[in-house]
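Enquirer: Quick one: the structure is below, and I'll ask about it shortly.
The values are calculated or read from the model by the stated rules, or taken from the named source; none is laboratory data. Keep in mind that this is a model prediction, so the values were computed, not measured. Note that each Cβ is placed from the backbone with ideal geometry, even for glycine, and that neighbours are counted across all protein chains shown. The protein model used for the area step is the full one, side chains on, heavy atoms only, and it has no ligands, DNA or RNA in it. Shrake-Rupley method; radii C 1.70, N 1.55, O 1.52, S 1.80 Å.
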Amino acid sequence: MRRTEITPRPNWRERCDAVGFTFYDLESEGGRPYWSEAAAYVFDPSEIELLERATAELFARCMDAVEFVVREGRFDEFGIPQQFHALVRDSWNDDDPTVYGRFDLAYHDGRARAGDAHRASAPTVTLLEFNADTPTSLVETAAAQWQWLEEQQAAGVLPADADQFNAVHELLVEQWEHIRSARWGVAPGARLHLASLRDAGDGELIVEDFDTVAYMAETAKAAGFDPKLVFMEDLAFSVDRGVFLDADDEEVHRIFKLYPWEWMITEQFGAFLPNSRFVTRWVEPPWKLLLSNKQLLVVLWELFPGHPNLLPAFTTPDALPTPGAGHVAKPRLGREGANVRVFDGAGAVVAQNDGGYGEEGFVFQERARFSAIDGKTPVIGSWVVGETPAGIDLRETGGPITGDLAEFVPHVILPAGTESI
């Protein structure tokens, strides 16, 4: 893997708009736009094969972890209130369908950094966390970076044999079709509500969430659903009818929501969720409460200690087994790097982010190693659609914490031995 500078498209903003990706100018590090196509990450096919295998392996082990937690009844460790234990258990036992998720991965290509005590080794892929309930960066992954690839090939900036690990769009359509026909048994034209949060209390539309849900609606429509975009703030519950309603008083029987389960179960209508599970079917399903919580990292290491794709993770830093490796403290329910602290091998804080998380507790994970990219820490987002590895994205930052100021950089696959583009 390497990072290389590349000529941006002269009209890249207009082209991003054309695929429904409109938040490209959100401010990132140094005031730069969130979408950055002045560079690209270059992979060879063997590296992509490694990432794909690791993603499939990690998803399988996560399913093992959910099964273990459900069978052992260890919901309290995840902060799930008692009245929702049965909801999560029944959702898992009934195999409520999932659409997607995104692993955040650290990739180290095996090369030693200058002055690094580690000698050259085999490439490694390690799990940082699993965004299993409300992953974003979807439209820029599935649509914008694929458009970038095709148009840069047409312009001669990228070679004709360039490729990209990116089947997200096609697999989303297939998964929605599977859910519609095989799982829910509804005919083409069935209504599917899709919900996001309108604003954060300031009256300003959360454009990132809206664009993500609008794109998901396109894939659901291609699979035969009749999509309707709504806002979570407008949903209500009718006690008389025993069903959730949208702002038009239409009953909500099937709904995709870009809204965390851990918020839903603590809010006004949370008490109605268990008894209405077969009336209103939610995607992602309730069992994702066990995957979107970083306590998952602790359970994975408990079940699979020494696994090559996992980092040691515990509920106390004293239990970490590798002195001098450094570690990271992560809030169990944190997002976008909020309240993350990075420690060196001596236990001193070397980086930290502020935020509103942490009351739910922390997990402590050994610090990951990344490939030597000058001045950048690239985190690979590896997508799963259904149970299938579907593609990757990359977000980079100048520090060790990938937060809300990280920039999105497209990637390209070139044949082994290709030195430049």
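Enquirer: Quick one: in segment 125-141, of everything that is outside any strand (DSSP E or B) and charged (D, E, K, R), which residue is farthest from residue 165 (Cα to Cα)?
Expert: Among those residues, the one meeting the criterion is 133.
For every residue, the table says whether it meets (1) hydrophobic (A, V, I, L, M, F, W, C); (2) in contact with a strand residue (DSSP E or B) (Cβ under 6 Å, 6 or more places away or on another chain); (3) open to solvent by less than 10 Å² (accessible area, probe 1.4 Å).
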{"site": "86", "(1), (2), (3)": "yes, no, no"}
{"site": "98", "(1), (2), (3)": "no, no, no"}
{"site": "129", "(1), (2), (3)": "no, yes, no"}
{"site": "169", "(1), (2), (3)": "no, no, no"}
{"site": "172", "(1), (2), (3)": "yes, yes, yes"}
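Conditions tested, residue by residue: (1) within 30 Å of residue 6 (Cβ to Cβ); (2) among the hydrophobic types (A, V, I, L, M, F, W, C); (3) in contact (Cβ under 8 Å) with a residue 60 or more places away in the chain.
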position	(1), (2), (3)
321	no, no, no
329	no, yes, no
352	no, no, no
358	no, no, no
365	no, no, yes
376	yes, no, yes
379	yes, yes, yes
410	yes, no, yes
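Enquirer: Right, another one. Can you name the number of the only condition in (1) more than 30 Å from residue 301 (Cβ to Cβ); (2) open to solvent by 60 Å² or more (accessible area, probe 1.4 Å); (3) out of contact with any helix residue (DSSP H, G or I) (no Cβ under 9 Å at 6 or more places or on another chain) that residue 53 fails?
Expert: Going through the list (1) more than 30 Å from residue 301 (Cβ to Cβ); (2) open to solvent by 60 Å² or more (accessible area, probe 1.4 Å); (3) out of contact with any helix residue (DSSP H, G or I) (no Cβ under 9 Å at 6 or more places or on another chain), residue 53 breaks only (1).
Enquirer: With the condition kept exactly as written, say whether any residue in segment 18-32 is in contact (Cβ under 8 Å) with a residue 60 or more places away in the chain, in contact with a Leu (Cβ under 8 Å, 6 or more places away or on another chain), open to solvent by 20 Å² or more (accessible area, probe 1.4 Å) and more than 30 Å from residue 308 (Cα to Cα).
Expert: Yes, because at least one residue in segment 18-32 is in contact (Cβ under 8 Å) with a residue 60 or more places away in the chain, in contact with a Leu (Cβ under 8 Å, 6 or more places away or on another chain), open to solvent by 20 Å² or more (accessible area, probe 1.4 Å) and more than 30 Å from residue 308 (Cα to Cα).
Enquirer: Check residue 282 against each of (1) open to solvent by 20 Å² or more (accessible area, probe 1.4 Å); (2) part of a helix (DSSP H, G or I); (3) in contact (Cβ under 8 Å) with a residue 24 or more places away in the chain and name the one condition it does not meet.
Expert: For residue 282, the failing item is (2).
Enquirer: Show me the strands (runs of 3 or more DSSP E) entirely contained within segment 365-421 in which 2 or more residues are small (Gly, Ala, Ser), modelled with pLDDT of 95 or more and crowded, with 16+ Cβ neighbours inside 10 Å.
Expert: Strands (runs of 3 or more DSSP E) meeting the threshold: 377-385, 388-397.
Enquirer: For segment 220-232, state whether one or more residues are in contact (Cβ under 8 Å) with a residue 60 or more places away in the chain and either open to solvent by less than 30 Å² (accessible area, probe 1.4 Å) or closer than 13 Å to residue 255 by Cβ (or both). Explain how you work it out, then say what you get.
Expert: At the first step, the residues of segment 220-232 found to be in contact (Cβ under 8 Å) with a residue 60 or more places away in the chain are none.
Checked against the condition, which is being in contact (Cβ under 8 Å) with a residue 60 or more places away in the chain and either open to solvent by less than 30 Å² (accessible area, probe 1.4 Å) or closer than 13 Å to residue 255 by Cβ (or both), segment 220-232 yields no hits at all.
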